[in-house]
There are 2 protein chains.
Amino acid sequence: MKAAIFVEPKKVEVKEMPMPKVEKPTDTIIRVIRACVCGSDLWWYRGIAKRDGGSTIGHEAIGIVESIGEDVTAVHPGDFVIAPFTHGCGYCANCRAGFDGNCLNQEPGSNGGYQGEYLRFTNANWALIKIPGQPEDYTDSQLNNLLALSDVMATGYHAAASAEVKSGDTTVVIGDGAVGLCGVIGARLLGAKRIILMSHHEDRAKLGREFGATDIVSSRGDDAVAEVMKLTNGVGADSVLECVGATSAIEQAGQVGRAGSVIGRVGVPQTEPASNQLFWKNIGLRGGIAPVTTYDKQRLLNEVLAGNINPGKVFTKRFPLDDIQKAYEAMDKREAIKSLIIVNDK
Amino acid sequence: MKAAIFVEPKKVEVKEMPMPKVEKPTDTIIRVIRACVCGSDLWWYRGIAKRDGGSTIGHEAIGIVESIGEDVTAVHPGDFVIAPFTHGCGYCANCRAGFDGNCLNQEPGSNGGYQGEYLRFTNANWALIKIPGQPEDYTDSQLNNLLALSDVMATGYHAAASAEVKSGDTTVVIGDGAVGLCGVIGARLLGAKRIILMSHHEDRAKLGREFGATDIVSSRGDDAVAEVMKLTNGVGADSVLECVGATSAIEQAGQVGRAGSVIGRVGVPQTEPASNQLFWKNIGLRGGIAPVTTYDKQRLLNEVLAGNINPGKVFTKRFPLDDIQKAYEAMDKREAIKSLIIVNDK
């Protein structure tokens, strides 16, 4: 079978690889339909994070269950599923607390290889999300919406949930990448009345408005902070989504939040800011790896199936698996908000 | 009138000072009954924080309203009141959001001079808390409980509220000073089932148990973390109160919290930790200056009046105002958990 691998910084390629096999009773093998490239993949693509040459890549996919381990009862061969990047067991203390991205029974190193024809998925019994019907029952854009539930939509929602967005809030979203844009959707789902998106790109701002942003702040730095303060009568926002992954973005979030607000942050990598403005303003800082399975089962799958949200619009370019290098380049050069990879469509 | 002033690091003294006057329509003058020394006072006492020589000191007191500005309608001369260190107006966006310690209408520099016979209190109409009856209606220990509501009990409660302690929680309290001990009370009020207090002093641990701690961890560093993890079956605590005010304490809080837990921190001064464990464990960080008036009016005054909590037990030594130097020394040398100052008793 064909799978994408990392060769060296700025170079990925498709290679013939051995078929993955069920290794544990809780595994499944999934035939991938669609996959995609994540902003966090750029960390190793650009050589900022270390990755072994020859390793399989990607952590977002939808597909068909090909075979299952003997302990898997929740899905069966032929089922259409979302394969989240998280692999929650569903029964440990962290999963029960709603943080399946921090599952205590995750297998180290199990998170890769979604950009390929077949995938071994661990902890499949609870972590996989079954989609009603088969791929051919869905339109092209619906398939993209479902694919977005494997990471980016759940991660954007986690930013909003971590920021404790509530009905009537004025919410600021920092970051107009695919996660930030899905954060706008998340803030809307949680009831924000006013959503101020910090965006420097016309196409992204436009999609942000479509997703629910009521105001766009296109200036940068202190000017952007001043603009938000003006929009909020000098008070600041009730909640702030930090979807960039830079300490400077958390600092900016602290500047635009009102006293007692919470910053929800989902960017990787992260360090906490050295300033103590969060203390003096009573601002909270929450977030981390999204509990994808939890959110999908709780709410997001239903919102997609009902046609209430269209996160798949973040896929602005599409590539066949064989063009994996181009898919990464489009993300790296910001030519695509997010690159879709067609693996085995329908 | 007599008031304590800061002379130079490690030196405070009582001096004859002019009587304070109502300067604004929202001021009151308060005749102080009891005051006390705060752990945060030690920052300037020890010369770590800068303070002008000759400035009046102290920010916790109970007393009798002596005179009022023309806009003050909520209290009258002769009323017995708690004078919090916060001076919330009660109507700005931050006060309405429940964060009166971040009031947008606070007067800069208004927070001092409580360790003296008379005090000018700004934003008095909303920020002061009226106590039923007169000082002579209360026992000595009840007066101390009421005094604790001017800061330390509200600050401990803020640590617990910021940590989002909820019914049934296993909660860790880092810091066995007066704030940490009041944090134990706060965690109990919010329903924590198991309260693990990190304490290295037998007398403080004993008071902690009396306040509601179910377990004491007396080891330090990695050993203390290992002990908490053992007590929580390897999972970590649901909520963590950081009542020390050191970055290392926030780091330790991150080590003992479970995924998705929240750290409530109230120590001063603070910087955020540079590690990113909070991100990887989905741990939240909240807290700052306590909204004293809000908590006192909402709940804490009633809890004291009903005899449900006895935070005044943190005052383990008492001094007349004239012995102000000894009161600070007892705190500085850790001979007292918290020093009480008798100014004009009854």
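The values are calculated or read from the model by the stated rules, or taken from the named source; none is laboratory data. Note that the structure is predicted; figures quoted are calculated from it, not measured. Every residue, glycine among them, receives a Cβ derived from its backbone with ideal geometry; neighbour counts consider all protein chains shown.
Farther than 23 Å from B:Ser55 by Cβ, in contact with a Ser or Thr (Cβ under 7 Å, 6 or more places away or on another chain) and at pLDDT below 95: does that describe B:Gly113?
Numbers: farther than 23 Å from B:Ser55 by Cβ: no; in contact with a Ser or Thr (Cβ under 7 Å, 6 or more places away or on another chain): yes; at pLDDT below 95: yes.
No; evaluated as a whole, the condition is false for this residue.
Condition first: in contact with a Phe, Trp or Tyr (Cβ under 6 Å, 6 or more places away or on another chain) and farther than 30 Å from B:Glu242 by Cβ. Can you find one or more residues in the stretch A:314-326 that meet it? Within the stretch A:314-326 (the criterion being in contact with a Phe, Trp or Tyr (Cβ under 6 Å, 6 or more places away or on another chain) and farther than 30 Å from B:Glu242 by Cβ), the answer is yes, since at least one residue qualifies. The one condition from (1) among the aliphatic types (A, V, I, L, M); (2) surrounded by 24 or more Cβ atoms within 10 Å (Cβ to Cβ); (3) in the same structural domain as B:Gln106 (by TED's automatic domain parsing) that B:Leu301 does not meet is (2).
Conditions tested, residue by residue: (1) touching a residue at least 24 places away in the same chain (Cβ under 8 Å); (2) within 30 Å of B:Gln115 (Cβ to Cβ); (3) surrounded by fewer than 24 Cβ atoms within 10 Å (Cβ to Cβ).
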residue	(1), (2), (3)
B:Asp151	yes, yes, no
B:Ile185	yes, yes, no
B:Leu189	yes, yes, yes
B:Gln255	yes, no, yes
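Evaluation of B:Val65 against the conditions (1) more than 14 Å from chain A (Cβ to nearest Cβ); (2) part of a loop (DSSP other than H, G, I, E, B) shows that the sole unmet condition is (2).
In the stretch A:53-105, what residues are without any contact (Cβ under 8 Å) to a residue 12 or more places away in the chain and surrounded by fewer than 24 Cβ atoms within 10 Å (Cβ to Cβ)?
Scanning the stretch A:53-105 gives A:His76, A:Ala93, A:Arg96, A:Ala97.
Among the residues of the stretch B:302-324, those identified as of a type in the set (A, V, I, L, M) and either more than 21 Å from B:Glu210 (Cβ to Cβ) or not in a helix (DSSP H, G or I) (or both) are B:Ala306, B:Ile309, B:Leu321, B:Ile324. B:Val81 passes every criterion in (1) more than 14 Å from every other protein chain (Cβ to nearest Cβ); (2) among the hydrophobic types (A, V, I, L, M, F, W, C); (3) under 30 Å from A:Gly257 (Cβ atoms); (4) outside any loop (DSSP other than H, G, I, E, B) apart from (3).
Being more than 13 Å from chain A (Cβ to nearest Cβ), surrounded by fewer than 17 Cβ atoms within 10 Å (Cβ to Cβ) and closer than 19 Å to B:Lys166 by Cβ is a property that does not hold for B:Lys206.
Of the residues in the stretch A:117-127, at least one is part of a loop (DSSP other than H, G, I, E, B), farther than 24 Å from A:Ala330 by Cβ, more than 14 Å from chain B (Cβ to nearest Cβ) and touching a residue at least 60 places away in the same chain (Cβ under 8 Å). Reported count of residues in the stretch B:89-100, each being among the small types (Gly, Ala, Ser) and away from chain A (no Cβ under 11 Å), is 1. For the stretch A:227-243, taking the residues that are at the interface with chain B (Cβ under 9 Å from one of its Cβ atoms) and either crowded, with 24+ Cβ neighbours inside 10 Å or not hydrophobic (A, V, I, L, M, F, W, C) (or both), the one that is nearest to A:Val256 (Cα to Cα) is identified as A:Gly236.
Here the stretch B:231-253 is the region considered, the condition is being without any contact (Cβ under 8 Å) to a residue 60 or more places away in the chain and within 16 Å of B:Lys281 (Cβ to Cβ), and the residue that is farthest from the chain's Cα centre (by Cα) is B:Gly234. Listed conditions (1) part of a loop (DSSP other than H, G, I, E, B); (2) within 14 Å of chain A (Cβ to nearest Cβ); (3) closer than 20 Å to B:Tyr295 by Cα; (4) not small (Gly, Ala, Ser) are all met by B:Pro108, apart from (3).
Report yes if some residue within the stretch A:109-125 is in contact with a Lys or Arg (Cβ under 8 Å, 6 or more places away or on another chain), under 14 Å from A:Leu300 (Cβ atoms) and not assigned by TED's automatic domain parsing to the domain that holds A:Ile216; otherwise report no. Looking through the stretch A:109-125, none of the residues is in contact with a Lys or Arg (Cβ under 8 Å, 6 or more places away or on another chain), under 14 Å from A:Leu300 (Cβ atoms) and not assigned by TED's automatic domain parsing to the domain that holds A:Ile216. A:Asp222 falls short on exactly one of the conditions (1) closer than 20 Å to A:Gly267 by Cβ; (2) part of a helix (DSSP H, G or I), and that condition is (1). Only a single criterion out of (1) within 13 Å of chain B (Cβ to nearest Cβ); (2) under 24 Å from A:Asp41 (Cα atoms) is not satisfied by A:Phe315, namely (1). Check the stretch B:286-294 and report whether any residue there is farther than 19 Å from B:Ala178 by Cβ, facing chain A (nearest Cβ under 7 Å) and within 19 Å of the chain's Cα centre (by Cα). Yes, that holds for at least one residue.
Given the condition under 18 Å from the mean Cα position of the chain (by Cα), more than 22 Å from B:Thr171 (Cβ to Cβ) and either facing chain A (nearest Cβ under 9 Å) or at pLDDT 90 or above (or both), answer yes or no: does some residue in the stretch B:255-276 qualify? Let's see the steps before the verdict.
First, pick out the residues of the stretch B:255-276 that are under 18 Å from the mean Cα position of the chain (by Cα): B:263-270.
With the extra rule that they be more than 22 Å from B:Thr171 (Cβ to Cβ), the set shrinks to B:269.
Pick out the ones that are also either facing chain A (nearest Cβ under 9 Å) or at pLDDT 90 or above (or both) and you get B:269.
Yes: one or more hits.
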